[in-house]
1. Mind listing whichever residues of segment 1-21 are without any contact (Cβ under 8 Å) to a residue 12 or more places away in the chain, closer than 14 Å to SER74 by Cα and of a type outside the set (A, V, I, L, M, F, W, C)?
2. Which one of these is over 16 Å from THR8 (Cα atoms) and in contact with a Pro (Cβ under 8 Å, 6 or more places away or on another chain): VAL39, VAL30, VAL64?
3. State which residue is farthest from SER7 (Cα to Cα) when the search covers only segment 55-85 and only residues that are assigned to a loop (DSSP other than H, G, I, E, B) and free of Cβ contacts under 8 Å to residues at least 40 places away in the same chain.
4. Tell me which residues, restricted to segment 34-85, are more than 23 Å from ALA18 (Cβ to Cβ), of a type in the set (A, V, I, L, M) and at pLDDT below 90.
5. Looking only at segment 6-26, filter to residues that are part of a loop (DSSP other than H, G, I, E, B) and either touching an Asp or Glu at 6+ places or on another chain (Cβ under 6 Å) or among the β-branched types (Val, Ile, Thr) (or both); which one of those is surrounded by the most Cβ atoms within 10 Å (Cβ to Cβ)?
6. Sort out which residues of segment 32-45 are within 13 Å of the chain's Cα centre (by Cα) and either in a strand (DSSP E or B) or exposed (fewer than 11 other Cβ atoms within 10 Å of the Cβ) (or both), and write them in order of number.
7. Can you tell me which of (1) without any contact (Cβ under 8 Å) to a residue 24 or more places away in the chain; (2) touching a strand residue (DSSP E or B) at 6+ places or on another chain (Cβ under 6 Å) is the one GLY44 doesn't meet?
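The values are calculated or read from the model by the stated rules, or taken from the named source; none is laboratory data. No experiment lies behind these values; they were computed from the predicted model shown. Ideal geometry is used to build each Cβ from the backbone, glycine not excepted, and the neighbour counts take in all protein chains shown.
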Amino acid sequence: MSRTISSTVHPIQRCMAAANSSAWWDGILVGVDGGEVTVALFTGATMRLRVVGPVVDFTPNEPVAYHPVAELLSASAVLTTARVA
């Protein structure tokens with residue numbers, strides 16, 4: 001599967017994520033509301049993230065990964081910038 005990297009992702013974000021690969025948080029996308037998504041993390045916490053860019057490829061109940069240091073959200077075949085709302 002090819003990965004689509006949003007134009008909102010800066011090269012330094014990709015470097016930070018690669019350098020801190022153990023920092024990814026896994027979860028399930030439980031809601032999409034405009035430019036924000038809600039993620040239920042496998043730790044039991046819930047996060048609301050503001051997605052920088054389109055959220056058209058995100059659907060509820062799909063697995064996602066969030067990198068809080070690099071502010072990246074990986075869902076489906078999309079990697080985009082997302083910040084805590």
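1. Correct list: SER21 only.
2. VAL30
3. Residues of segment 55-85 assigned to a loop (DSSP other than H, G, I, E, B): 55-62, 68-71, 76-77, 85.
Checking which are free of Cβ contacts under 8 Å to residues at least 40 places away in the same chain leaves us with 55-56, 58-62, 76.
Numbers: VAL55: 13, VAL56: 15, PHE58: 16, THR59: 20, PRO60: 23, ASN61: 25, GLU62: 22, SER76: 16 Å.
The extreme case among them is ASN61.
4. Listed by number, the residues that qualify are VAL55, VAL56.
5. In the first step, residues of segment 6-26 are kept if they are part of a loop (DSSP other than H, G, I, E, B); the result is 6-10, 20, 24.
Applying the additional criterion that residues be either touching an Asp or Glu at 6+ places or on another chain (Cβ under 6 Å) or among the β-branched types (Val, Ile, Thr) (or both) yields 8-9.
Numbers: THR8: 16, VAL9: 20.
Looking at the filtered set, the residue picked out is VAL9.
6. VAL32, GLU36, VAL37, THR38, VAL39, ALA40, LEU41 - these are the residues of segment 32-45 that are within 13 Å of the chain's Cα centre (by Cα) and either in a strand (DSSP E or B) or exposed (fewer than 11 other Cβ atoms within 10 Å of the Cβ) (or both).
7. (2)
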